[in-house]
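Chemist: Let me begin by handing over the structure; questions about it come next.
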Amino acid sequence: LDLSALARPSGSKVGIAGWLLALALSATFPLLLFAGVAAERLATAERQAMLAEVQQRAEATFLSVDRYLKSATNLAVALALDSDAQKQDLLDFHAFAQRVLAYSSIGRAVLLVDANGKPLLDTRRPFGTALPAHDSPEILSEILTKKRPRVSDLFVGSLTGTNLISVTAPVIKDGQVASIVTVTIETEDLTAVLRDEDLPDGWLAGIVDRRGFIVARTLNPEKWVGQRAP
């Protein structure tokens, strides 16, 4: 091999080493380019896999919360259909509701108000105790109009001073709303439902009500519950 042709030309700074380096780069650059494209495609695939996992876990978490709230709704409806509630036998209904809560994993208290919103009983207090007005008069108005169960937005309980939501169902007698049953739920119970999903470290799940306030959150709920979601 005659390398004289690769000798440095007059006035040029490119020698044999430079030409060999250029030759090597010309052969390697397509491989580097291919590796870059492959890395980008791999990163895209990983992002798509991550988004798919996020969606899957979000759907699973939603179903868990939905099952919990449906169970609470079924509890409220069952209490509204109880014979003592139908007959307005308040003392027996108070005792029955307390027994139901003792065996149920859903709900912290049962309230009963009449069609005008006057409180009749609260399982957190002895029967006959004077009680404050219902915490969500707008829900009572909707129940009277639509005659069907409803889940509330977040509110602060007048008796407990804690963040709550409630599930309310009408007691129907002769086609009219005779009274209204409310099952209250602590927000920490909903946080427990979220945490039962066992999300990976660093993941966050939360529940936001219709008005945009945080109802439950897996991380630091004591700080965020009751705040407006960003």
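The values are calculated or read from the model by the stated rules, or taken from the named source; none is laboratory data. Everything numeric in this text was worked out from a predicted model, so none of it was measured. For neighbour counting, all protein chains shown are included, and Cβ atoms are generated from backbone atoms with ideal geometry for every residue, glycine included. Areas reflect the complete protein model, heavy atoms only, side chains present, ligands, DNA and RNA absent. Shrake-Rupley method; radii C 1.70, N 1.55, O 1.52, S 1.80 Å.
Chemist: Check A58, A80, A49 and return the single one that is open to solvent by less than 50 Å² (accessible area, probe 1.4 Å), assigned to a helix (DSSP H, G or I) and modelled with pLDDT of 75 or more.
Modeler: A80
Chemist: Report, by residue number, each residue of the range 213-228 that is in a helix (DSSP H, G or I) and open to solvent by 50 Å² or more (accessible area, probe 1.4 Å).
Modeler: Initially, the range 213-228 is screened for residues in a helix (DSSP H, G or I), giving 221-224.
Listed by number, the residues that qualify are E222, K223, W224.
Chemist: Being within 27 Å of the chain's Cα centre (by Cα), part of a helix (DSSP H, G or I) and hydroxyl-bearing (S, T, Y) is the requirement here; does S71 meet it? Steps first, please.
Modeler: Numbers: within 27 Å of the chain's Cα centre (by Cα): yes; part of a helix (DSSP H, G or I): yes; hydroxyl-bearing (S, T, Y): yes.
For S71, the condition - within 27 Å of the chain's Cα centre (by Cα), part of a helix (DSSP H, G or I) and hydroxyl-bearing (S, T, Y) - is met.
Chemist: Scan the range 88-104 residue by residue and report those that are among the polar types (S, T, N, Q) and over 14 Å from V183 (Cα atoms).
Modeler: Within the range 88-104, just Q88 meets the criteria.
Chemist: Out of all the residues in the range 153-204, which are farther than 27 Å from F93 by Cβ and aromatic (F, W, Y)?
Modeler: Result: W203, single match.
Chemist: List, please: which pairs have Cβ atoms under 9 Å, are six or more places apart or on different chains, and start with a residue in the range 46-57 that is of a type outside the set (G, A, S) and end with one that is open to solvent by less than 100 Å² (accessible area, probe 1.4 Å)?
Modeler: Short answer, once both residue conditions are applied: E53/P200; V54/W203; R57/E197; R57/L199; R57/P200; R57/W203; R57/A205.
Chemist: Here's another thing I want to ask about it. Give me the residue from the range 33-44 that is open to solvent by less than 50 Å² (accessible area, probe 1.4 Å) and not β-branched (V, I, T) and, out of that set, modelled with the highest pLDDT.
Modeler: A43
Chemist: Let me ask something additional. Of a type outside the set (A, V, I, L, M, F, W, C), open to solvent by 20 Å² or more (accessible area, probe 1.4 Å), part of a loop (DSSP other than H, G, I, E, B) and farther than 26 Å from A102 by Cβ: does that describe E197?
Modeler: So E197 passes the test.
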